[in-house]
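Notes for the one structure printed next.
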Amino acid sequence: MPALPSTHNELDGAAQIGRGNGVPRHVAVIMDGNGRWATSRSLPRLAGHKAGVETVRQMVRAFAKRGISALTLFAFSTENWTRPESEIFELMRLLRFFIRSDLAELHASNVRIRIIGERDNLQPDLLALLEEAESTTSGNTGLNLVVAFNYGARQEIARSARKLAERVAAGEISPAEVTVESLEAGLDTADLPDPDLIIRTSGEQRISNFLLWQAAYAEFVFLPVLWPDFDEAALDLALQDFAQRKRRFGGL
Ligand code: FPP
């Protein structure tokens, strides 16, 4: 599988106009509907999240098989802290479980794992595990699996702006050097291409503070399927829909 090109310029904007969409380079997924999947089966919500992890496992392989370079999964948002403590605990436990059980196989499959989001307030053992996943797979050149964990796009943009403000205050750069490029360079996704396609499952149609900056020219596909039921057929429907979109990136 080809490695990701190293700059945004190689990937977005005018370069893609008129080429037809083909397979998206970067797909981001809002994995919604675990709770409803469980409730509709009279199961506790945790069962829905567990089933959601199984879908994650299958989808990582399905995306890699289709030659998609980057897959970003919205696993836990900064707003998810308002959920009951027991559910938060279970979501953390499931992420730990996923990394512990799948890291070796993902590494063997040449998958590179990256984590985006705030790291400051994570439990030290979870943080260590996430960092181990990143460092173990940092040399891999296959699918980039980006896990958005404790992630909020507004917070990410504010963090980047704060870094620039600090540099301006220190006299390192001038206010004129606060640009689209310098702000983008401070985002968690700095060396990743913008998502071409954002899929949200469960029928909800909103972005929920996910990749707000990076989604400027993304195509959106909203599917009525709940995340635990998302499968290769649903993925192919989304990819077919994407392939037919006319992307103009603000041009004509
Ligand atoms: C949305 O469903 C889903 C989440 C908030 C968490 C998604 C997490 C996983 C699939 C598991 C951990 C992730 C990885 C990468 C191993 P919801 O609970 O909002 O569903 P509802 O809207 O039906 O209540």
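Name every residue in the range 143-176 that is within 26 Å of Ala215 (Cβ to Cβ), in a loop (DSSP other than H, G, I, E, B) and in contact with a Lys or Arg (Cβ under 8 Å, 6 or more places away or on another chain), in order of residue number.
Residue satisfying the conditions is Leu143 alone.
Go through the range 48-100 residue by residue and tally those that are of a type in the set (A, V, I, L, M, F, W, C), part of a helix (DSSP H, G or I), surrounded by 15 or more Cβ atoms within 10 Å (Cβ to Cβ) and within 11 Å of the ligand (Cβ to nearest atom). Show your work before the answer.
Narrowing the range 48-100 to residues of a type in the set (A, V, I, L, M, F, W, C): 51, 53, 56, 59-60, 62-64, 68, 70-71, 73-76, 81, 88-89, 91-92, 94-95, 97-99.
Adding the requirement that they be part of a helix (DSSP H, G or I) leaves 51, 53, 56, 59-60, 62-64, 81, 88-89, 91-92, 94-95, 97-99.
Pick out the ones that are also surrounded by 15 or more Cβ atoms within 10 Å (Cβ to Cβ) and you get 51, 53, 56, 59-60, 62-64, 91-92, 94-95, 98-99.
After this cut, where a residue has to be within 11 Å of the ligand (Cβ to nearest atom) as well, the list is 51, 53, 56, 59-60, 91-92, 94-95, 98-99.
Count: 11.
Can you tell me how many residues within the range 30-47 are crowded, with 20+ Cβ neighbours inside 10 Å and assigned to a helix (DSSP H, G or I)? Show your work before the answer.
Here is the first cut: in the range 30-47, the ones crowded, with 20+ Cβ neighbours inside 10 Å are 30-35, 37-38.
So of that shortlist, the ones also assigned to a helix (DSSP H, G or I) come out as 34-35, 37-38.
Number of matching residues: 4.
Kindly indicate which of Leu192, Leu211, Leu237, Leu187 is outside any strand (DSSP E or B) and open to solvent by 50 Å² or more (accessible area, probe 1.4 Å).
Details: Leu192 fails: open to solvent by 50 Å² or more (accessible area, probe 1.4 Å); Leu211 fails: open to solvent by 50 Å² or more (accessible area, probe 1.4 Å); Leu187 fails: open to solvent by 50 Å² or more (accessible area, probe 1.4 Å).
Checking each option against the conditions leaves just Leu237.
Return only the number of the condition from (1) closer than 22 Å to Gly22 by Cβ; (2) open to solvent by 20 Å² or more (accessible area, probe 1.4 Å); (3) within 16 Å of the ligand (Cβ to nearest atom) that Leu226 does not satisfy.
That leaves (1) as the condition not met.
The values are calculated or read from the model by the stated rules, or taken from the named source; none is laboratory data. Everything numeric here is computed off the predicted structure, so don't read it as measured data. Neighbour counts run over all protein chains shown; Cβ positions are idealised from the backbone, glycine included. With ligands, DNA and RNA removed, areas are computed over all heavy atoms of the protein, side chains included. Shrake-Rupley method; radii C 1.70, N 1.55, O 1.52, S 1.80 Å.
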